[in-house]
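The values are calculated or read from the model by the stated rules, or taken from the named source; none is laboratory data. Fair warning: this is a prediction, and the values are worked out from it, not measured in the lab. Note that we place each Cβ from the backbone using ideal geometry, even for glycine, and neighbour counts take in every protein chain shown.
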Amino acid sequence: MPQLAVLIVDDPTKITDVLTAWIEIGITGATILDSSGLGHLFPGETRDDLPLFPSLSDILQTREEHHRTVLSVLADDFDLDRLVAATESIVGKLDDHHTGIMFVIPVTRAWGLQPSRK
């Protein structure tokens, strides 16, 4: 059964390298989305980036944590261990903090997928 691979990369500067590694192991298509984490939604967090005499805009400004989310439908025989290894070679161990999150979801039906054009 095909699977949807979802990768959320904490450091957006690494996304090009991740996609290059994915292409090298056979990924033929992916969708990349800008995303942000839940951390910036909690107003109770102490801010340490305010100047000595902050303006109102400084106080109201929130610190956005931008991420990149990558979606790719994989063939049922795709080597997921190889995909994880290629990803971790760029972002670091996914079990470590501030690297990313990756998971797969079974795809029961799909339309519009095109074979690789080489």
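Residues of segment 44-76 being at pLDDT below 55, small (G, A, S) and not in a helix (DSSP H, G or I), which ones?
G44
Is there any pair with a first residue in segment 1-22 that is assigned to a helix (DSSP H, G or I) and a second that is basic (K, R) whose Cβ atoms are under 8 Å apart and which are 6 or more apart or on different chains, and what are they?
P12/R68; I15/R68
So, in segment 77-100, of the ones that are under 14 Å from L4 (Cα atoms) and at pLDDT 95 or above, which residue ends up surrounded by the most Cβ atoms within 10 Å (Cβ to Cβ)?
Per the criteria, the residue is L83.
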